């Protein structure tokens, strides 16, 4: 009879520990998903600003059609990434490059630079870029914590039992890591 109580106590402790590990993994998974939604919100906010920017710039930059088309295509790619981290990261990298190019081209148009509408949009985009960067850092921190947790013993056993999988980091492209040349 004592053996039954001991076995029940051991099973109870084991079940309790399993429950704690499972709940910890679920909590971290939800943090990763929440932080991804923060990135998604900022990317959509930026994508919503793009048509206004393109409209403000279009009249001044009749000869710079390629820069405007690249920004527009990048916006479409971001809007269609729908929660896919790799697609969103790729689209984000294209957008970042396209916006840098657009603002570099815009420097050749003094009237555009003086336009209040353009300046407001430029400031909004700069603010949004800061928010995207902050959201990416938070997301990547949460991914690191989650991925570490599911690799540590005994959590790795629980993660395997319940099908928890590693999340992808939100990474910058190789092009974003290169030095930018500035010519005067």
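Please specify each residue of the range 70-88 satisfying the condition of being touching a helix residue (DSSP H, G or I) at 6+ places or on another chain (Cβ under 8 Å) and either assigned to a loop (DSSP other than H, G, I, E, B) or surrounded by fewer than 12 Cβ atoms within 10 Å (Cβ to Cβ) (or both).
80, 81, 83
I'd like the residue in the range 1-33 that is within 27 Å of the chain's Cα centre (by Cα) and without any contact (Cβ under 8 Å) to a residue 12 or more places away in the chain and, out of all such residues, is nearest to residue 117 (Cα to Cα).
Only one residue tops the list, namely 33.
So for the range 167-184 (the condition being in a helix (DSSP H, G or I), at pLDDT 90 or above and within 30 Å of residue 27 (Cα to Cα)), does at least one residue qualify?
No, the range 167-184 contains no residue that is in a helix (DSSP H, G or I), at pLDDT 90 or above and within 30 Å of residue 27 (Cα to Cα).
I need a count of the residues in the range 19-62 that are more than 30 Å from residue 150 (Cα to Cα) and in a helix (DSSP H, G or I).
Number satisfying all stated conditions: 15.
Does residue 134 count as out of contact with any helix residue (DSSP H, G or I) (no Cβ under 8 Å at 6 or more places or on another chain) and either closer than 28 Å to residue 90 by Cβ or surrounded by fewer than 17 Cβ atoms within 10 Å (Cβ to Cβ) (or both)?
yes
Given the structure, is residue 105 outside any helix (DSSP H, G or I) and either at pLDDT below 95 or within 28 Å of residue 87 (Cβ to Cβ) (or both)?
No, not satisfied.
Considering the range 123-161 alone, what residues qualify as being more than 20 Å from the chain's Cα centre (by Cα), outside any loop (DSSP other than H, G, I, E, B) and touching a residue at least 60 places away in the same chain (Cβ under 8 Å)?
Correct list: 149, 150, 155, 158, 159.
The values are calculated or read from the model by the stated rules, or taken from the named source; none is laboratory data. Just so you know, these numbers come straight off a predicted model, no measurement behind them. Virtual Cβ from ideal backbone geometry, glycine too; neighbours counted across all protein chains shown.
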